[in-house]
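A short write-up of the structure that comes next.
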Amino acid sequence: MRIAWNIILWAFLLIVAFLTLFPVVITLLGSFKTNAELTAGATFLPADWQFSNYIEAWEQANFSTYTLNSLFVAGAATIGTLLVASMAAYVVNRMNFIGKKLYVGLQAFTMFVAIGAVVLRPQFDLMIRLHLHNSLWGVILILISAHASAFFILLSFMSGIPSELDEAARIDGCSPGRTFWRIIIPLLTPGLGVCALFAFRGAWNEYLLPFVFTLSKPELQTLTVGLANLKYGVAAASQTHFMMAGACLSILPILIAYIFANKSFMQMTAGSLKG
């Protein structure tokens, strides 16, 4: 019975892995095909490997500029999210104040109610008032505001840090701010790594906000917006092969971010299993 159960489990895992990796493999192979070959869809492997697709995608999509813009948005949004979420988690876990339950409830509300494009116009109007509607800083501030998931992850980690450490630091003359930076933050490193991975991925893959906020300034467009511009070339001809090549290039920063955050992610998983 146990052997049969293991076979079923492994079969299920293999099916899930296949369904997850198959679109990636198709995109990778498609990035080396010609557009005619992709349109025909008759072959799985490229008949003639078109490595020049990557060069054309880099040049046509202005990847150097768009990649820098995406790195700026994703990096700033990640740092801002970690700062805001970690400080909020510290205050909620360690202090009592009026409206604490209401604040936590509002954070949970923003996670489970997907309003998407409904709030895009109010967000844009707000950035106009702040004179940030023609800047990537407007996109960054909005992305930082969506920090609820990071807040709850760090709040869970914070609950595992003994409050006696705060009391010992207070006796030694540390202020709450210094206690947070010198004691709490180092102990939150695994949680911060996981939150950084999720925040970076979300900011890197964001399309709608950068598209709206950079309509009047194409030089500020991010990589996701630049990829969409690859869809049609001269005379509105489809360029699916360039889009696939560009998509493969855009995946690389996410893979690098995962490699750096993998240790923290595994520590969080191991901690949850141990608990």
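The values are calculated or read from the model by the stated rules, or taken from the named source; none is laboratory data. This one's a predicted model, so the numbers in the text were calculated from it and none came from an experiment. Cβ placement follows ideal geometry from the backbone for every residue including glycine, while neighbour counts extend to all protein chains displayed. Accessible surface is based on the protein model in full, side chains and every heavy atom, while ligands, DNA and RNA are left aside. Shrake-Rupley method; radii C 1.70, N 1.55, O 1.52, S 1.80 Å.
State the answer as a single residue: which of Leu68, Leu155, Pro253 lies farthest towards the positive end of the charge dipole of the chain, with beta carbon charges of +1 for Lys and Arg and -1 for Asp and Glu, about the Cα centre.
Leu155
Whenever you get a sec, compute what percent of the accessible area on the chain sits on carbon and sulfur atoms (1.4 Å probe).
71 percent
Show Glu219, Glu37 ordered by accessible area, largest first, where the area counts protein heavy atoms only and the probe is 1.4 Å.
Result of the area sort, largest leading: Glu219, Glu37.
Using Cα pairs under 8 angstrom and six or more residues apart, how large is the relative contact order of the range 1-121, in percent?
12 percent
How large is the accessible surface of Met95 in square angstrom, using a 1.4 angstrom probe and rounding to the nearest 10?
The accessible area comes out at roughly 80 Å².
For the full complex of protein chains and a 1.4 angstrom probe, list Arg121, Arg129, Arg178 by accessible area with the highest value first.
Arg129, Arg121, Arg178
Between Asn205 and Ile183, what length in nm is gained on full extension when 0.36 nm per residue of separation is reduced by their alpha carbon distance?
Residue separation times 0.36 nm, minus the Cα-Cα distance, leaves 4.6 nm.
Lys pairs in the chain, Cα-Cα under 30 Å, at least 8 apart or on separate chains: how many?
Step by step, the pairs that qualify in the chain add up to 5.
Multiply the residue separation of Thr27 and Leu13 by 0.36 nm, subtract the distance between their alpha-carbon atoms, and state the gained length in nm to one decimal.
So the chain would gain 2.8 nm between Thr27 and Leu13.
Sorted by accessible area with a 1.4 angstrom probe, largest first, how do Ile185, Ile3, Ile128 fall?
Ranked from most to least accessible, the order is Ile3, Ile128, Ile185.
Per DSSP H run of n ≥ 4, the term is -39500 (n - 2.57); total these for the chain, divide by its residue number, and report the mean residue ellipticity at 222 nm rounded to 500 deg cm²/dmol.
That calculation yields -23500 deg cm²/dmol at 222 nm.
Probe of 1.4 angstrom, ligands and nucleic acids ignored: what's the accessible area per residue over the chain, in square angstrom?
For the chain, the per-residue accessible area is 60 Å².
Can you give me the span-like helices of the chain, meaning DSSP H runs with 18 Å or more of Cα extent along the axis and Kyte-Doolittle mean at or above 0.0?
2-30, 63-94, 100-112, 189-205, 240-274
So what is the relative contact order for the range 86-228, in percent, with contacts set as C-alpha pairs under 8 Å and at least six apart?
This gives 32 percent for the range 86-228.
State the extension gain, in nm to one decimal, for the chain segment bounded by Phe112 and Thr34, taking 0.36 nm per residue of separation less the distance between their alpha-carbons.
Going from the current span to full extension adds 23.8 nm.
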